[in-house]
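Inspection log for the structure reproduced underneath, given as structure tokens.
All of the numbers you see were taken from the coordinates with simple rules; none came from a lab. Everything quoted here is computed from the prediction, not taken from an experiment. Backbone-built Cβ (ideal geometry, glycine too); neighbour counts: all protein chains shown.
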């Protein structure tokens, strides 16, 4: 795996240098669009509406349009934002794990310790395990401020980005308020049905049947000679990281962090 981000988890004065890795990957068979008449590859090009020319990616900026004004934001503009330059995964609070609604979970990442000493990493992992809490954190990744849940999976710290509260839609269905009568007998029968399907979840026993069948179809077409030369048909394809600082005296950092937290609580 290749690290996509480097920084440090910080809680109080404790600093845990880490590398960030994508924990999941897409297993779908990649498919392209082709012309049904001759199998030629269909490609999308970035064309400027003013001069009609194809624009290289490095010359593309972003813009916001409110219907009346257009504001162009250059790469320099976006990289100058303080949040984007920040290389810290800041712990905001530790919450009971059950308080995080699964509907808010988005992408999952692994955190690898990025230091000769893994003591701070193991300390954070053990603390989350012992307290049965999840750390709610904030950090910046790919020009976006992210809210995330930091938890433990086996021996590794896992970071799961969260949707913001206003990104979760409410289930506003009038039918949910209908007065529906469920008899005790119906409920008992339904419970028996559940019992007949009871099992321990083993994700490895399930497979994506559509992708399996699609792969078999592709292999069968290749075996029957129903394929074409990709090069002839598709043509040629278009062709400063901050190191996390190591905390020397971990106990001293912990002690000072606890004292600061107590002082804030008293003043509040």
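With one equal scatterer per alpha carbon and no solvent term, the Debye-computed log10 I(q)/I(0) for the stretch 118-202 at 0.13, 0.14, 0.22, 0.27 1/Å reads -0.80, -0.84, -1.04, -1.25.
Annotation: Cα Rg of the stretch 43-163 relative to the compact-globule expectation 2.2 N^0.38 Å equals 1.47.
Between the stretch 102-134 and the stretch 164-179, the C-alpha centres lie 33 angstrom from each other. Sorting the segments 218-231, 197-210 by their residues' average number of neighbouring beta-carbon atoms within 10 angstrom, most packed first, yields 218-231, 197-210.
Based on DSSP H segments of at least four residues, each scored -39500 (n - 2.57), the chain has a per-residue ellipticity at 222 nm of -8000 deg cm²/dmol. Centre-to-centre separation between the Cα atoms of the stretch 29-76 and those of the stretch 135-162: 32 Å. Per the Kirkwood formula applied to alpha carbons, the stretch 39-87 shows a radius of gyration over Rh ratio, Rg over Rh, of 1.12. Exposure proxy for 18, 258: other Cβ atoms within 10 Å of each Cβ, ordered fewest to most, give 258, 18.
Ordered by the count of other Cβ atoms within 10 Å of each Cβ, fewest first, 74, 127 give 74, 127. Over every Cα atom in the stretch 171-210, the radius of gyration and the widest Cα-Cα span, Dmax, amount to 16.6, 41 Å.
Computed packing ranks the peptides 186-193, 93-100 as 93-100, 186-193, most packed first, by mean other Cβ atoms within 10 Å. Derived from the Cα gyration tensor, the three semi-axes of the equivalent ellipsoid of the stretch 182-231 are 47, 13, 8 Å, largest first. The residue 59 and residue 26 beta-carbon pair, evaluated with R₀ = 41 Å, returns a calculated FRET efficiency of approximately 0.90.
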